[in-house]
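Beneath this line is the structure, given in C-alpha cells, with notes to follow.
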Amino acid sequence: MDERLVVKSFGPVRDLDITFKKVTLFIGDQGTGKSCVAKLFSTFKWLEKVLCQKKYKLNYFEQYKRFEAKLCAYYRIESFIQSDSYLRFESNLYDFIYSNGSFRIYDKNEGSDLFRASHQNEAGLSKIMYVPAERSIVSVAENRTKLLKELPDSSETFSDEFVNAKKFFKSGYELPFEGLHFEYDSLNEVGWISDGNYKVRLINASSGIQSSLPMCMVSEYLSKMIADREEVKLSKEEKDKLEKRVAEIMQDDAISDSIKDMMIRQLSSANRYDRFINIVEEPELNLFPQSQMEVLRSLVAINSSSEQNMLVLTTHSPYSLAILNMLVMGAKLYQRANEADRAEIERILPHKYHLNENDVAAYRLSSKEEDYCVSIISPNTGMIAKNDLDSCSDEINRIFNQLYRLYANTFAK
C-alpha cells in the first residue's frame, strides 16, 4: 500500500519526498501546500484507476498538455506549475513523472495482463473522494448550478455524492457527535437536523454541523457502497469493449484455463470498487475539540472497515495529532494486553477505532523552516513526537509566562 510522492517547486510546495500509508496526515500553517499535496495524490490515484480500467491509452495524458489542462485544472492547481517543477508518483502499477514541462507514464507491468491481474486483485479498484474545505456550501446550496459554478470541478463532484448520500440514507443519518440526527425531505429537497427535542433546517444549522455532515455522510455512504460490492456504471461503448475483450480471452487457445480465469476475474474487478480512498481537508472545521474527536474517530472507523482503504487528512489542529496518538496507543495496548485488560480497553476505546502504528504517516509542512517537510512520527515510539504535539501550547505558554512576569512586576510596585 505504501506509495511514494516526490514534489519540487510546485506552487507553495518547496520540496518533499514522502510515503503514503493507510492513514496519512499533513499539518502546517496556512498556505504551506497541505491541500496541494493531497490534490496531487488524488490526481495520480484517479489516473492509476482509469488506466487500470483501460478507459484511456497510456499516452493520452502525455499529449497536448492534458496533464496540466485536464488533470491539474480539475483542482485548479494548473497555475502552480513552474519552469522547474518536478513531480513523481510511484504506485504498484505505474510511475508518473512530470519534468521539464512534459508528463510521462511508465507501465511497470510492460503490458502483462497477468502481472496487472495479480496486483490489481491485491489493490482493488479505488473509489476516490476528495472532501474539500468548502464542503459547507453543499449544506446550504438550494440552487446548486448557480452556487457551484465558481468552484472547482472537484467541489461539484463532492456535491453530487452528497445528493446520492441523502437518497441512500432514506431513514435518516446519525451524526457522530451530540446525538444529532439528519433527515432529508426528498419531496421538498429540504434537510433537517434534530437532537430529539427540536429540529432546524440544515441551512440554518451551525457552521460545524454544515461542515461535518456532508463529510461524514458521504464518507459512510461510499464506504457502504464499496462494502456492497457495487459495480462501476458503464456506458454502452464500455460494455461492448468489455464483452469483446472477454470473448478474445476465451477464444485464445494459447492461454491456459487457469490464466483465463485469472484474467476474467481481473476484468471483473476492474469494474467493481474494492476500496475507498478518502481525502479530507480540515475535518476539524468549526468543531469543538470533543466533536473533532468524534468525527476523526468516525473517519478512522470507516477507513478500518477494509484493509485496502486509505485516509488522507490535512489539518491545522493539534487536537488531530493528539487524537491519532490516542488511537495508536489503543492499538499498541490492545496487542500486548491480556483478556481482562482487552475488555477494559474495548470499553474505553472500541477496537474499530484502533490504528496500527505501521499504518500511520504524519508530516509537518513549513515554509519558514529549512526543512520544508518533516515526518513527525517518532522512530522510537511509532507515535507522533511529543514536541510536535506541544509546539503550539509551548509557544502560548512562553508568551503567557513573559506577560505574567511583567504583570507580577507591575502589580508588585
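The values are calculated or read from the model by the stated rules, or taken from the named source; none is laboratory data. No experiment lies behind these values; they were computed from the predicted model shown. FYI the Cβ positions are ideal-geometry reconstructions off the backbone, even for glycines, and counts take in every protein chain you see. We work out accessible area using only protein heavy atoms, side chains counted, and drop any ligands, DNA or RNA first. Shrake-Rupley method; radii C 1.70, N 1.55, O 1.52, S 1.80 Å.
Observations on the model:
- Scanning the range 109-130 for residues that are aliphatic (A, V, I, L, M) and either part of a loop (DSSP other than H, G, I, E, B) or at pLDDT 90 or above (or both) gives I128, M129.
- The range 1-13 residues that are polar (S, T, N, Q), paired with ones that are modelled with pLDDT of 95 or more and open to solvent by 10 Å² or more (accessible area, probe 1.4 Å) (beta carbon under 6 Å, 6 or more apart): S9/Q82; S9/D84
- Among the residues of the range 349-373, the ones that are open to solvent by 70 Å² or more (accessible area, probe 1.4 Å) and assigned to a loop (DSSP other than H, G, I, E, B) come to 5 in all.
- Residues satisfying the stated conditions in the range 290-337, i.e. closer than 18 Å to G208 by Cβ, hydroxyl-bearing (S, T, Y) and over 13 Å from the mean Cα position of the chain (by Cα): S291, S298, S317, Y319, S320
- Selection from the range 174-198 of residues that are within 15 Å of N286 (Cβ to Cβ) and open to solvent by 40 Å² or more (accessible area, probe 1.4 Å): E178
- Check on L299, in contact with a Gly (Cβ under 7 Å, 6 or more places away or on another chain), in contact (Cβ under 8 Å) with a residue 24 or more places away in the chain, within 29 Å of V37 (Cβ to Cβ) and hydrophobic (A, V, I, L, M, F, W, C): no
- Screening the range 189-224 for residues that are of a type in the set (V, I, T) and over 14 Å from the mean Cα position of the chain (by Cα) and picking the one that is nearest to E294 (Cα to Cα) gives I209.
- If the condition is being in contact (Cβ under 8 Å) with a residue 12 or more places away in the chain, open to solvent by 50 Å² or more (accessible area, probe 1.4 Å) and farther than 12 Å from F169 by Cβ, then the range 199-232 contributes K199, I203, S206, S207, A227, R229, E230, E231.
- Options I81, I105, I97: the member that is of a type in the set (V, I, T) and touching a residue at least 60 places away in the same chain (Cβ under 8 Å): I81
- Evaluation of F400 against the conditions (1) hydrophobic (A, V, I, L, M, F, W, C); (2) at pLDDT 85 or above; (3) not in a strand (DSSP E or B) shows that the sole unmet condition is (2).
- Candidates Y98, Y106 - the one that is at pLDDT 90 or above and surrounded by 15 or more Cβ atoms within 10 Å (Cβ to Cβ): Y98
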